[in-house]
């Protein structure tokens, strides 16, 4: 299953993302930034294994999505700044239940949790595979204005991530 995290006012981002993903997805729109959305999935579904993606991605080649779901263990989309950068990757319910997840109360909290909480998840999982290790700020393809904000663009043959917070 693919989960897309979004928020009010991000309808254009969500439309672009959804148009690029074939098949069924669940859109989660709730408070708590990315950790809040992951917690919502844990609390309101019985999904055992799922992709979590932000609405600021556009998929060019979706084969990696099913490939990652079929792998054993934790799978991170990228490793910037560490595994599960931008909280994006494949999550397993039993590891989420072991580590626990609470909503972030601010963007600053979410940024801190992008390192602390995701590191705890990777440790509990015994490590993680990284789908696109070169998808990083250091390898950005440029800065682009999109949907009313300046974005650092991380892109490869499979995916483009428009990153709003990178400075």
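The values are calculated or read from the model by the stated rules, or taken from the named source; none is laboratory data. Keep in mind that this is a model prediction, so the values were computed, not measured. With ideal geometry, Cβ positions are generated from the backbone for all residues, glycine too; neighbour counts draw on all protein chains shown.
Being in contact (Cβ under 8 Å) with a residue 60 or more places away in the chain, exposed (fewer than 15 other Cβ atoms within 10 Å of the Cβ) and within 21 Å of residue 154 (Cα to Cα), is that true of even one residue in region 40-61?
Of region 40-61, the ones in contact (Cβ under 8 Å) with a residue 60 or more places away in the chain are 54, 56-61.
Those still in the list that are exposed (fewer than 15 other Cβ atoms within 10 Å of the Cβ) too: 60-61.
Checking which are within 21 Å of residue 154 (Cα to Cα) leaves us with 60-61.
Yes, that holds for at least one residue.
Within region 109-125, identify whether any single residue is modelled with pLDDT of 95 or more and outside any helix (DSSP H, G or I), and answer yes or no.
no
For region 128-167, please list each of the strands (runs of 3 or more DSSP E) lying entirely inside it that holds at least 1 residues being free of Cβ contacts under 8 Å to residues at least 12 places away in the same chain, touching a helix residue (DSSP H, G or I) at 6+ places or on another chain (Cβ under 9 Å) and more than 30 Å from residue 70 (Cα to Cα).
Values: elements: 142-146, 149-155, 159-163.
So the answer is none; nothing clears 1.
Six or more apart or on different chains, Cβ under 8 Å: which pairs go from a residue in region 90-107 that's surrounded by fewer than 15 Cβ atoms within 10 Å (Cβ to Cβ) to one that's part of a loop (DSSP other than H, G, I, E, B) and modelled with pLDDT of 95 or more? Could you list them?
Pairs found: 94/48; 102/32; 105/32.
For region 10-33, what are the residues that are on the phi > 0 side of the Ramachandran plot and modelled with pLDDT of 95 or more? Even if it seems obvious, please write down each step before you answer.
In the first step, residues of region 10-33 are kept if they are on the phi > 0 side of the Ramachandran plot; the result is 23, 32-33.
Across region 10-33, the qualifying residues are 32, 33.
Please work out which one of (1) touching a residue at least 24 places away in the same chain (Cβ under 8 Å); (2) surrounded by fewer than 20 Cβ atoms within 10 Å (Cβ to Cβ); (3) part of a helix (DSSP H, G or I) is the condition residue 18 fails and give its number.
In the conditions (1) touching a residue at least 24 places away in the same chain (Cβ under 8 Å); (2) surrounded by fewer than 20 Cβ atoms within 10 Å (Cβ to Cβ); (3) part of a helix (DSSP H, G or I), residue 18 misses (1) alone.
Only one of these conditions is not met by residue 63: (1) under 16 Å from the mean Cα position of the chain (by Cα); (2) under 17 Å from residue 25 (Cα atoms). Which number is it?
(1)
Identify, please: which residue in region 69-80 is over 12 Å from the mean Cα position of the chain (by Cα) and either at pLDDT 95 or above or more than 17 Å from residue 24 (Cβ to Cβ) (or both) and is, among those, surrounded by the fewest Cβ atoms within 10 Å (Cβ to Cβ)?
This residue is 72.
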